[in-house]
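Here's the structure, in structure tokens; my notes come after.
The values are calculated or read from the model by the stated rules, or taken from the named source; none is laboratory data. The model shown is predicted, which means the values in this text are computed figures rather than measured ones. Cβ coordinates were reconstructed from backbone atoms using ideal geometry, including for glycine residues, and neighbour counts include every protein chain displayed.
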Amino acid sequence: MTDFIHLLVERYGLIAVFAGCIAEGESIALLAGFFAHQHLFAPWAAFGATFLGAFVGDVFFFLAGRRLSERPFVEKIKHRPGFSHALRLANTYPKSFVILNRYAYGMRLVGAVATGFTNLNWTTFIALNAVSSLIWSALFFGVGYVFGLGAEQIIGAELEKHERLLVGLALGLAVAIIAALIAHRLAKRETRD
């Protein structure tokens, strides 16, 4: 079974990293760094997939807010908790908002769509998004890579590649579950206020 999972990660892992980083992808970026340290991915390729996923995702959702505002999936996003707050911030501080939005967990997708509703020039958005995506990717990919080094020191370098893969997947799942619980709790609190 672990051979099959290992094969899937080696063969389709970078595609999954790219796709996972399109939306809220912190845990995916961490895993990409971890797996790059474990030599499952080339570090430059994993970092590139992380950066491109983050960049392309925000551009897509910005354009959705700008051009597809009447579509049902954009209407759903407009009714999500935090959208009105994100729109207010994006209108008040558009450039700062583009840079900082991705660091507020659970707000990245909503914030990118909200930015599409502002008067911010699309070329300015692209440039700021590129800078923000690069910093975000370096931060989370780097933490995952360093965590891979630390895990190797704690767990031991002699562990089989498959066992390290399962440890990485378990840690990524734990991070995703914790992040989802925090986001759910924050959304509940916002709907009460």
| query | Restricting attention to the range 39-53, does a residue exist that is β-branched (Val, Ile, Thr), without any contact (Cβ under 8 Å) to a residue 60 or more places away in the chain and out of contact with any Gly (no Cβ under 6 Å at 6 or more places or on another chain)? | reply | no
| task | Considering (1) in a helix (DSSP H, G or I); (2) under 11 Å from the mean Cα position of the chain (by Cα), say which one Ile77 fails and leave the rest. | result | (2)
| field | Selected residue [surrounded by 16 or more Cβ atoms within 10 Å (Cβ to Cβ), in contact with a Phe, Trp or Tyr (Cβ under 6 Å, 6 or more places away or on another chain) and of a type outside the set (A, V, I, L, M, F, W, C)] from Gly82, Gly25, Gly65 | value | Gly65
| query | What about Asn129, is it loosely packed, with under 15 Cβ neighbours inside 10 Å, of a type outside the set (Phe, Trp, Tyr) and touching a residue at least 24 places away in the same chain (Cβ under 8 Å)? | reply | no
| task | Could you list, in sequence order, all residues of the range 89-107 that are modelled with pLDDT under 90 and either surrounded by fewer than 16 Cβ atoms within 10 Å (Cβ to Cβ) or at positive phi (or both)? | result | Tyr103, Tyr105, Gly106
| What single numbered condition from (1) at pLDDT 90 or above; (2) in contact with a helix residue (DSSP H, G or I) (Cβ under 7 Å, 6 or more places away or on another chain) fails to hold for Gly48? | (2)
| remark: Per the filter on the range 60-73, residues modelled with pLDDT of 85 or more, touching a helix residue (DSSP H, G or I) at 6+ places or on another chain (Cβ under 9 Å) and assigned to a helix (DSSP H, G or I) are Phe60, Phe61, Phe62, Leu63, Ala64, Gly65, Arg66, Arg67
| Could you list, in sequence order, the residues of the range 11-32 that are under 13 Å from the mean Cα position of the chain (by Cα) and either of a type in the set (Phe, Trp, Tyr) or assigned to a helix (DSSP H, G or I) (or both)? | Ala16, Val17, Phe18, Ala19, Gly20, Glu26, Ser27, Ile28, Ala29, Leu30, Leu31, Ala32
| field | Residues of the range 80-107 classified as touching a Gly at 6+ places or on another chain (Cβ under 8 Å), assigned to a helix (DSSP H, G or I) and not hydrophobic (A, V, I, L, M, F, W, C), total | value | 2
